[in-house]
Amino acid sequence: MVPVTVSAVRQAIADLLPSCHPTIGRAAAVLGTPVRTLQRRLHELGMTYGDLVDQVRWEEACQRLGDPRTRIVSVAAAVGYRDRSSFSRAFVRWTGVAPKEYQRQRCAQLAQRQCEGNHRARMVQPGRSYAQVAKVARRDDK
């Protein structure tokens, strides 16, 4: 029997997502605890099982959407949705933007950080503070 902690429940949900719908009954079986005990423990922590499922799905979807080559339908299937439209509605509810738009924004941010990191790495020299490097970067950008 696994202790009923939020991280244990989240891990059980993540383990169930690729193969089936992560019902509370299935998660309780994975954890080796009765469903009612799982519900009671989550209630004591101020959470519901549905909230945890949504959190795990959201985190997994955001991670997968960080790759520009990943198709939305693949992400939807990986986080337990049978079709793209149901996943898209849920994703908009979680984030306020469509999955494709999130993916475009996320990839643009990652590319910008990588370019900035490479630019700063070339400028770093022994004895220079980050403030000095930032000053040079601002000057170079003008």
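The values are calculated or read from the model by the stated rules, or taken from the named source; none is laboratory data. Owing to the predicted nature of the structure, the values given are computational and were not obtained by experimental measurement. Note that we place each Cβ from the backbone using ideal geometry, even for glycine, and neighbour counts take in every protein chain shown.
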**Request:** Would you confirm whether any residue within segment 50-60 is touching a Cys at 6+ places or on another chain (Cβ under 6 Å), surrounded by fewer than 17 Cβ atoms within 10 Å (Cβ to Cβ) and either among the acidic types (Asp, Glu) or under 30 Å from GLN103 (Cα atoms) (or both)?
**Result:** no
**Fill in**
Selection from segment 78-111 of residues of a type in the set (A, V, I, L, M, F, W, C) and modelled with pLDDT of 90 or more yields ALA78, VAL79, PHE87, ALA90, PHE91, VAL92, TRP94, VAL97, ALA98
**Request:** Scan segment 65-75 and give yes if some residue there is among the acidic types (Asp, Glu) and not in a loop (DSSP other than H, G, I, E, B), otherwise no.
**Result:** no
**Message:** Tally up the residues in segment 4-34 that are within 15 Å of TRP58 (Cα to Cα) and of a type in the set (S, T, N, Q), please.
**Reply:** 1
**Request:** State yes or no: is GLY127 at pLDDT 75 or above and in a loop (DSSP other than H, G, I, E, B)?
**Result:** no
**Selection within segment 1-27 - surrounded by 14 or more Cβ atoms within 10 Å (Cβ to Cβ) and of a type in the set (Gly, Ala, Ser)** = ALA8, ALA12, ALA14, ALA27
**Prompt:** Which one of these does VAL53 not meet: (1) without any contact (Cβ under 8 Å) to a residue 40 or more places away in the chain; (2) in a helix (DSSP H, G or I)?
**Reply:** (1)
**Request:** Would you check if GLU101 is within 25 Å of SER7 (Cα to Cα), of a type in the set (Asp, Glu), without any contact (Cβ under 8 Å) to a residue 40 or more places away in the chain and in a helix (DSSP H, G or I)?
**Result:** no
**Request:** Would you check if GLU60 is acidic (Asp, Glu) and either at pLDDT 90 or above or outside any helix (DSSP H, G or I) (or both)?
**Result:** yes
**Prompt:** If the Cβ limit is 9 Å and pairs must be 6+ apart or interchain, which residue in segment 1-21 that is touching a residue at least 24 places away in the same chain (Cβ under 8 Å) and farther than 13 Å from VAL79 by Cα pairs with which residue that is surrounded by 11 or more Cβ atoms within 10 Å (Cβ to Cβ) and hydroxyl-bearing (Ser, Thr, Tyr)?
**Reply:** MET1/THR33; VAL2/THR33; VAL4/THR33; VAL4/THR37; VAL9/TYR49
**Request:** Evaluate segment 28-36: report whether one residue or more is exposed (fewer than 14 other Cβ atoms within 10 Å of the Cβ), out of contact with any strand residue (DSSP E or B) (no Cβ under 8 Å at 6 or more places or on another chain), at negative phi and part of a helix (DSSP H, G or I).
**Result:** yes
